[in-house]
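Asks: Quick one: the structure is below, questions incoming.
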Amino acid sequence: MLRFLAHSCSAAALALAALLGAPGQLAFAETAGSEQAQAGAEPAPLAADETQALLEALGMDKLFPILREEGLAYSKALESELFPGAGGEAWQGMVGEIYALDRLDKVMARHLAEEMAGVDVAPLMEFLTSERGRRIVTLEVTAREALLDETVEQMSRDAYDELRGEESPRLDALRGYIEANDLVESNIAGALNANFAFYQGLAAGGALPAEMSEEDMLRDVWMQEPDIREETESWVWSYLALAYRPLEDADIEAYTAISKTPEGRALNRAMFAAFDKLFADISRDLGLAASRFMVSEDI
């Protein structure tokens, strides 16, 4: 259940939601905790051992190194766009710390434990640790790693285009899974939040004009929504078509069914909320780190 599917480097690569709330807040995504807060007293966070077991069953221990590789590759593109040739080893060192594996694991575990408070994870663990569940998670991780190669990513998009052209029945199975988990809209929301956090980092480091307000940042971020939507829709569909290609439609339907249970929906909200917080932190830190080189160039 790799819920947060869009690229980790969403701050510049990449729900329809209104810009609600006070300046500096994006009401793009609903979190699991919001419903719990409305229900009354908040239950205790998921126990540490249960959290780690759930993360492992979800393949996070194998996904984090891939996210780190995506981040390191993205940082080179950032340097090229924002401060060509000025970052060097200093920039790569900062990025390495931002995407440190122990940080990804600790931050994700903390947020997931909070978001899964009061949720019975037994039905989820039963599915994820079954032969079918383990195979699905392995395919998800393997496909994500394969997409580090730009050639493979393009091939996955071409293969998805072929499926659409043939009106393959597989599209119905994929559509059911995508809609059950709100994968497109939630990933768009996460990308927008990450982009705004990147702006905040740049602003904190003095790399944006002093007269640029948070309302201006929000406006700029929202103007990116159409492009983000197009990229996200294409990526989600092509990624899943690649990852689930070896599966039978019945496997995808079973995966969709567990996603529709109360526990599955809670996990989906929790994963998106946790990833949203993680990538917002990463994007903000990237913006702050980048600002040091951008400001020095201006001087």
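Asks: Between residues in the stretch 272-297 that are over 19 Å from Glu214 (Cβ atoms) and residues that are among the basic types (Lys, Arg), which pairs lie under 8 Å by C-beta distance while being six or more apart or on different chains?
Replies: Within 8 Å, the pairs are Phe272/Arg3; Phe275/Arg3.
Asks: Now a separate question. Take the stretch 235-275 and flag every residue that is polar (S, T, N, Q) and in a helix (DSSP H, G or I).
Replies: Listed by number, the residues that qualify are Ser238, Thr256, Ser259, Asn268.
Asks: Follow-up question, since we're still on this one. Of all residues being more than 13 Å from Asp285 (Cβ to Cβ) and part of a loop (DSSP other than H, G, I, E, B) in the stretch 197-219, which is least open to solvent (accessible area, probe 1.4 Å)? Just the residue, please.
Replies: The qualifying residue least open to solvent (accessible area, probe 1.4 Å) is Ala207.
Asks: A follow-up question, please. Checking Leu16 against (1) at pLDDT below 95; (2) of a type in the set (A, V, I, L, M, F, W, C); (3) under 17 Å from the mean Cα position of the chain (by Cα); (4) surrounded by 14 or more Cβ atoms within 10 Å (Cβ to Cβ): exactly one of these is not met. Which one?
Replies: (4)
Asks: So how many residues does the stretch 104-158 have that are surrounded by 13 or more Cβ atoms within 10 Å (Cβ to Cβ), of a type in the set (Ser, Thr, Tyr) and assigned to a helix (DSSP H, G or I)?
Replies: Here the count works out to 3.
Asks: Of the residues Ala266, Ala257, Ala289, Ala250, only one is out of contact with any Phe, Trp or Tyr (no Cβ under 8 Å at 6 or more places or on another chain), crowded, with 21+ Cβ neighbours inside 10 Å, small (Gly, Ala, Ser) and at pLDDT 95 or above; which? Step through it out loud before you land on a result.
Replies: Working: Ala257 fails: crowded, with 21+ Cβ neighbours inside 10 Å; Ala289 fails: out of contact with any Phe, Trp or Tyr (no Cβ under 8 Å at 6 or more places or on another chain); Ala250 fails: crowded, with 21+ Cβ neighbours inside 10 Å.
Result of the check over Ala266, Ala257, Ala289, Ala250: Ala266.
Asks: I would also like to ask the following. Need a quick list: helices (runs of 4 or more DSSP H) entirely within the stretch 22-83 having at least 1 residues that are at pLDDT 95 or above, out of contact with any strand residue (DSSP E or B) (no Cβ under 9 Å at 6 or more places or on another chain) and aliphatic (A, V, I, L, M). Full working, then the answer.
Replies: Details: elements: 32-39, 48-57, 60-82.
The qualifying helices (runs of 4 or more DSSP H) are 48-57, 60-82.
Asks: Still on this structure, please answer the following. What are the residues in the stretch 159-169 that are outside any helix (DSSP H, G or I) and either surrounded by 12 or more Cβ atoms within 10 Å (Cβ to Cβ) or within 23 Å of the chain's Cα centre (by Cα) (or both), if any?
Replies: Within the stretch 159-169, the subset outside any helix (DSSP H, G or I) is 167-169.
The answer is Ser168, and nothing else.
The values are calculated or read from the model by the stated rules, or taken from the named source; none is laboratory data. Keep in mind it's a predicted model, so treat the numbers as computed, not measured. All Cβ positions, glycine included, derive from the backbone under ideal geometry; neighbour counts span all protein chains shown. Remember, those area values only see protein heavy atoms, side chains included, never the ligands or the DNA or RNA. Shrake-Rupley method; radii C 1.70, N 1.55, O 1.52, S 1.80 Å.
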